[in-house]
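The values are calculated or read from the model by the stated rules, or taken from the named source; none is laboratory data. No experiment lies behind these values; they were computed from the predicted model shown. All Cβ positions, glycine included, derive from the backbone under ideal geometry; neighbour counts span all protein chains shown.
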Amino acid sequence: MSDRSDSDRDPIFRNLEAAVARFQDVEQQLADPDLFKDQQRSKALLQEHASLQEIAAGKRELDQLDRQLADAAELIGETGADDGGELAALAKEELATLSARRQELVERLRILLIPKDPRDRKNIIMEIRAGTGGDEAALFASDLFRMYSKYADLNRWKVEVLSSSPTEIGGFKELVFSVAGTDVFEHLRYESGVHRVQRVPVTESAGRIHTSAVTVAVMPEAEEADIEVRNEDLRIDVFRSSGPGGQSVNTTDSAVRITHVPTGVVVTCQDEKSQHKNRAKAMRVLRARLLEAEEEKQHRERAEARRSQVGSGDRSERIRTYNFPQGRLTEHRVNLTLYKLDDVLLGNLDEVIEALQASARATYLEAEAS
């Protein structure tokens with residue numbers, strides 16, 4: 001007997017028919033040859049089509065399984081439930097196999113039908129700041145940047161440094177960079193928080209293990225259409241850029257500081273020799289910070305309805321510990337411990353990220369079922 005009625009009562013499945021109908025509508029729109037004159041609209045529809053295609057295929061498979069289950073149940077009914085004949089035995093075996101396949105498909109569709117966060121496809125701006133630990137924290141900030149850069153390389157994403165404050169021994173007090181590619185925010189969104197490192201610093205002569213901390217913030221990169229930034233709300237200052245120790249590294253006023261007066265958000269960029277390029281980079285960071293602030297406000301207002309994320313994403317929350325003496329990485333939010341720290345620092349983050357994504361899906365589904 002099919003368990004279709006049970007799945008239909010599942011709140012996730014209320015959206016299945018609507019998703020398939022939307023897929024068919026998108027297919028019709030994509031068949032219009034005039035569509036591709038509008039690149040932005042055609043790109044959005046192609047992305048939506050790709051995200052709905054697996055759901056539509058799953059629905060067709062589900063309907064086929066339900067027909068096969070009905071046929072198998074009918075055959076059992078015709079031969080008699082207690083009939084010990086070979087035909088009845090085969091029908092019962094097929095019924096069990098089909099039921100198991102259907103249950104697996106139902107679980108896969110439940111995950112596919114989780115509403116997509118429109119930010120998942122966005123590029124990101126990531127900020128890494130040295131916290132507790134002085135020079136050692138600054139060196140670890142540099143290590144994290146290399147880790148994320150290698151992870152980006154493995155995914156064929158592009159990394160661009162927007163602003164940096166290097167230290168004299170090769171670390172960074174602060175580093176701001178963008179990552180552009182496919183589904184970047186979806187993969188790196190859970191990196192926000194405090195990353196703790198335990199190791200013997202290169203500056204430690206007695207061989208003692210120190211604990212330092214680095215703060216990471218991940219923000220979806222905002223386009224001009226995402227948030228309005230009025231010129232009259234900006235105060236723009238220019239000055240000469242400086243390097244480690246404060247020495248001047250440029251003889252012209254190329255560094256740019258932009259202050260968003262209504263919110264007090266300040267962004268400084270000085271890595272480029274061109275004032276124009278520094279200003280463009282500063283505006284990218286400013287838009288991302290303003291969008292993040294607006295989304296954080298909305299997040300707080302509907303926090304109870306959005307328990308689907310792993311951790312709070314709060315930058316004060318300790319999310320991960322990197323223990324060098326033991327070669328151990330501990331992801332505190334999902335109780336994951338890996339003894340391959342060197343491998344992770346080479347950019348092999350998939351196991352950590354997939355565990356965080358799976359936990360987020362499970363939390364969402366649990367909330368929907370309650």
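Is one or more of the residues making up segment 63-72 part of a helix (DSSP H, G or I), basic (K, R), at pLDDT 90 or above and more than 21 Å from the chain's Cα centre (by Cα)? I'd like the intermediate steps shown before the answer.
So the first thing to find is which residues in segment 63-72 are part of a helix (DSSP H, G or I), and the list is 63-72.
From what's left, basic (K, R): 67.
In the following step, the residues that additionally are at pLDDT 90 or above were identified as 67.
Now drop any that are not more than 21 Å from the chain's Cα centre (by Cα), which leaves 67.
Yes: segment 63-72 contains one or more residues that are part of a helix (DSSP H, G or I), basic (K, R), at pLDDT 90 or above and more than 21 Å from the chain's Cα centre (by Cα).
Answer yes if at least one residue in segment 154-167 is within 16 Å of A217 (Cα to Cα), surrounded by 19 or more Cβ atoms within 10 Å (Cβ to Cβ) and aliphatic (A, V, I, L, M), and no otherwise.
Taking every residue of segment 154-167 in turn, at least one turns out to be within 16 Å of A217 (Cα to Cα), surrounded by 19 or more Cβ atoms within 10 Å (Cβ to Cβ) and aliphatic (A, V, I, L, M).
On the basis of being touching a Cys at 6+ places or on another chain (Cβ under 6 Å) and over 18 Å from L345 (Cα atoms), does S163 make the cut? Before the answer, list the steps.
Details: touching a Cys at 6+ places or on another chain (Cβ under 6 Å): yes; over 18 Å from L345 (Cα atoms): yes.
Considered against the rule, which asks whether it is touching a Cys at 6+ places or on another chain (Cβ under 6 Å) and over 18 Å from L345 (Cα atoms), S163 comes out as yes.
Take the conditions buried (at least 19 other Cβ atoms within 10 Å of the Cβ), in the same structural domain as L16 (by TED's automatic domain parsing) and either touching a residue at least 40 places away in the same chain (Cβ under 8 Å) or in a strand (DSSP E or B) (or both) and apply them to V106. Does it pass? Quick ask: steps written out before the conclusion?
Numbers: buried (at least 19 other Cβ atoms within 10 Å of the Cβ): yes; in the same structural domain as L16 (by TED's automatic domain parsing): yes; either touching a residue at least 40 places away in the same chain (Cβ under 8 Å) or in a strand (DSSP E or B) (or both): yes.
Against the criterion (buried (at least 19 other Cβ atoms within 10 Å of the Cβ), in the same structural domain as L16 (by TED's automatic domain parsing) and either touching a residue at least 40 places away in the same chain (Cβ under 8 Å) or in a strand (DSSP E or B) (or both)), V106 qualifies.
Does segment 297-317 contain any residue that is at negative phi and either outside the structural domain of S178 (by TED's automatic domain parsing) or at pLDDT 85 or above (or both)?
no
I want to confirm something. Restricting to segment 73-114 and keeping residues that are at pLDDT 85 or above and charged (D, E, K, R), which single residue is nearest to R22 (Cα to Cα)?
Only one residue fits best here, namely R110.
Pull out all pairs, ordered by first then second residue, where Cβ-Cβ is under 6 Å, the residues are six or more apart or on different chains, the first lies in segment 324-343 and is within 15 Å of E191 (Cα to Cα), and the second is at pLDDT 95 or above and of a type in the set (S, T, Y).
Between residues of segment 324-343 that are within 15 Å of E191 (Cα to Cα) and residues that are at pLDDT 95 or above and of a type in the set (S, T, Y), the close pairs are L329/Y322; T330/T321; T330/T337.
Among the residues of segment 175-184, which ones are among the small types (G, A, S) and surrounded by fewer than 17 Cβ atoms within 10 Å (Cβ to Cβ)? Full working, then the answer.
Step one: list which residues in segment 175-184 are among the small types (G, A, S), which gives 178, 180-181.
Within segment 175-184, A180, G181 meet the criteria.
Which numbered condition in (1) more than 15 Å from the chain's Cα centre (by Cα); (2) not in a loop (DSSP other than H, G, I, E, B) is the only one that A358 fails?
All conditions pass for A358, except number (1).
Sort out which residues of segment 319-370 are small (G, A, S) and surrounded by 15 or more Cβ atoms within 10 Å (Cβ to Cβ), and write them in order of number. Break it down into steps so the answer makes sense when it comes.
Filtering segment 319-370 down to residues small (G, A, S) leaves 327, 347, 355, 358-360, 362, 367, 369-370.
Within segment 319-370, G347, A355, S359, A360 qualify.
Can you name the residue in segment 149-189 that is part of a helix (DSSP H, G or I) and of a type in the set (G, A, S) and is also farthest from S241 (Cα to Cα) among such residues? Don't jump to the end; show me each part of the working.
Filtering segment 149-189 down to residues part of a helix (DSSP H, G or I) leaves 149-154, 184-189.
Now drop any that are not of a type in the set (G, A, S), which leaves 149, 152.
Numbers: S149: 25, A152: 29 Å.
Among residues in segment 149-189 that are part of a helix (DSSP H, G or I) and of a type in the set (G, A, S), the one farthest from S241 (Cα to Cα) is A152.
Quick grid of which residues meet (1) touching a residue at least 40 places away in the same chain (Cβ under 8 Å); (2) buried (at least 21 other Cβ atoms within 10 Å of the Cβ); (3) within 17 Å of the chain's Cα centre (by Cα); (4) at positive phi:
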{"position": "T132", "(1), (2), (3), (4)": "yes, no, no, no"}
{"position": "A137", "(1), (2), (3), (4)": "yes, yes, no, no"}
{"position": "I169", "(1), (2), (3), (4)": "no, no, no, no"}
{"position": "K173", "(1), (2), (3), (4)": "yes, no, no, no"}
{"position": "V202", "(1), (2), (3), (4)": "yes, no, no, no"}
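Only one residue in S205, S164 is in the same structural domain as F324 (by TED's automatic domain parsing) and more than 23 Å from K281 (Cα to Cα), so which one is that? Explain how you work it out, then say what you get.
Values: S164 fails: more than 23 Å from K281 (Cα to Cα).
Residue meeting the stated conditions: S205.
Hey, can you tell me all the residues within segment 123-134 that are part of a loop (DSSP other than H, G, I, E, B) and modelled with pLDDT of 90 or more?
In the first step, residues of segment 123-134 are kept if they are part of a loop (DSSP other than H, G, I, E, B); the result is 123, 131-134.
Matches in segment 123-134: N123, G131.
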